[in-house]
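Chemist: Next up is a structure, given as structure tokens.
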Amino acid sequence: MEDSKRFNSQPIPNGSHGEAGDDRIRSGSFEACKNNSASTKTHPLTSHLMEQVCHRDNLNLAYKRVKSNKGAAGVDQMRISELGPWIRLNKEALIGSLLDGSYHPQPVRGVKIPKAGGKGKRQLGIPTVVDRLVQQAILQVLGPILERGFSESSFGFRPGRSAHDALMQAGKYVSEGRIFVVDLDLEKFFDRVNHDMLMARLARHVSDKHLLRIVRGFLNAGLMQNGVVVRRTEGTPQGGPLSPLLANLLLDDLDKELERRGHRFCRYADDCNIYVQSLKAGQRVMASISRFLEKRLKLYVNRDNAWKLAGSSKGWWRMSGTLQAHLAMNVQWFEELGLVSLSYRWQMLQTEGNRRGAEQACPVV
């Protein structure tokens, strides 16, 4: 396209907007990528990943997924509908900055939403649509590489896995007599991810220096709240395509440690349940794994709700009516697990047309 010839391969600010127009991307809209000069001495298969990230097919797929996911605008106020025209005008400069490692992510827009059960608020970080495009393109290349080494007991934010799978696995553990559960609730996990630790683990799998530099840029991108950009030295706020994969990468250390110890467990993102056969075993595992998380990953377990229940002398039936149980296992929690609400089903059966004896909606002729 003629407009794209106005730009050379030098990086440009992400927030620059192109003129309005047709937002379709044709199959050949992204040009073939140039050779990357990263070293091939280590990780020879992952030293030129930015070439794969910048391949036109990968970028076009990333564009389609970002567009289908919709979402709010970032700090530059660019909307999803403006992304196509922007790419048409700036694709050469975008690809050039990705290949030479000079791409600089913009700050994320900070948004806080209530947590389930009224347990405070969760910090979200909304990247710009261009940053979301880049993150998605990186995810499509990086995801399959990291997925190969992840634990079979990890279910959250992974292709082909769901909360239903975690529930089925947990049921097997319980049927084996492991009826005591160590519930590891990581306190403000996404806000406390250590950047250096995360990047060190990513470097175990990836040697492309340009890709590592750009991922570090996403981690360090400031958080804008009330018009002020706050510098971040830790955390990976939820809201971008890369955050779940990076979270699983860091917590894979926990998975490997639990496997090394021979534990039966299910992890869904930052929630991890370990299934044991006695109360004493559960208390011992809670203490030792908490120490491991604090020392190895600089993460802390929230012990307030779980220990109030664990230390109670009440039976299970009486504990089911406690405030702590209702906060930890509210209706939304059961819905996220895919369980059916009997009260909701009963209400549906009582509606007009569903009660026994009511007139049939489609009479038989």
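The values are calculated or read from the model by the stated rules, or taken from the named source; none is laboratory data. The shown structure was predicted, so the numbers you read here are calculated from the model rather than taken from an experiment. Note that we place each Cβ from the backbone using ideal geometry, even for glycine, and neighbour counts take in every protein chain shown. Heavy atoms of the whole protein, side chains included, go into the accessibility calculation; ligands, DNA and RNA do not. Shrake-Rupley method; radii C 1.70, N 1.55, O 1.52, S 1.80 Å.
Chemist: Round to the nearest 10 and report in Å² the accessible area of K70, as given by a 1.4 Å probe over the protein chains' heavy atoms.
Modeler: Counting only protein heavy atoms, the figure is 140 Å².
Chemist: How much accessible surface area, in Å² rounded to 10, belongs to the heavy atoms of H164 with a 1.4 Å probe?
Modeler: Looks like 100 Å² after rounding.
Chemist: Sticking with this one: Grab the Cα-Cα distance for I113 and R216, subtract it from 0.36 nm times how many residues apart they are, and report the gain in nm with one decimal.
Modeler: 34.5 nm
Chemist: Next question. Give the long-range amide H neighbours of D185: residues separated by 5 or more places, or on another chain, with amide H under 5 Å away, using H modelled in the peptide plane at 1.01 Å from N.
Modeler: N302
Chemist: Okay, moving on. Counting C-alpha atoms alone, how compact is region 182-280: give Rg to one decimal and Dmax as a whole number, in angstrom.
Modeler: 15.9, 52
Chemist: Let me ask something additional. Could you please tell me the mean projected area of the C-alpha convex hull for region 60-111, averaged over all directions and given in square nanometres to one decimal? Before the final figure, lay out the partial values.
Modeler: On the way: hull surface 16.6 nm².
The number I arrive at for region 60-111 is 4.1 nm².
Chemist: For region 260-266, in order, what is each residue's ³J(HN,Hα) by Karplus, 6.51 cos²θ - 1.76 cosθ + 1.60 with θ = phi - 60°, in whole Hz (x at glycine and Pro)?
Modeler: Per-residue couplings from phi come out as 4, 7, x, 7, 9, 8, 10 Hz.
Chemist: While we're on this one: When ligands, DNA and RNA are left out and all protein chains stay put, how many square angstrom of accessible area per residue does region 151-241 have with a 1.4 Å probe?
Modeler: Each residue of region 151-241 exposes 49 Å² on average to a 1.4 Å probe.
Chemist: Tally up the carbon and sulfur contribution to the accessible surface of region 153-246 as a whole percent, 1.4 Å probe, everything protein left in place. List each step's numbers first, then the result.
Modeler: Details: 2300 of 4390 Å².
It is 52 percent, rounded to a whole number.
Chemist: Ok, one more. If Rh is defined by the Kirkwood formula over all Cα pairs and Rg also comes from Cα, what ratio Rg/Rh do you get for region 109-160? Mind dumping the intermediate values first?
Modeler: On the way: Rg = 15.0 Å, Rh = 13.7 Å.
Result: Rg/Rh = 1.09.
Chemist: Between region 59-91 and region 224-292, what is the separation of their alpha carbon centroids in Å?
Modeler: 32
Chemist: Pop a pseudo-label 7 angstrom from the Cα along the beta-carbon direction at both W346 and K64 and give the gap in nm to one decimal.
Modeler: Once both label points are built, they end up 4.7 nm from each other.
Chemist: Further question on the same structure: Near the amide H of R264, under 5 Å away, which other amide H atoms are found, from residues 5 or more places off or on another chain, if H is placed in the peptide plane?
Modeler: Y275
Chemist: Something else about it: Within region 101-141, which residues have the backbone N less than 13 Å from the label spot 7 Å out from A163 along Cα→beta-carbon, could you tell me?
Modeler: 116-117
Chemist: What residues qualify as long-range amide H neighbours of S207, i.e. H under 5 Å apart, gap of 5 or more or another chain, H built at 1.01 Å from N?
Modeler: T46, S47
Chemist: Further question on the same structure: From the phi angles alone, apply the Karplus equation (6.51, -1.76, 1.60; θ = phi - 60°) to region 80-87 and give each ³J(HN,Hα) in whole Hz, x where the residue is Gly or Pro.
Modeler: 4, 5, 8, 5, x, x, 5, 5
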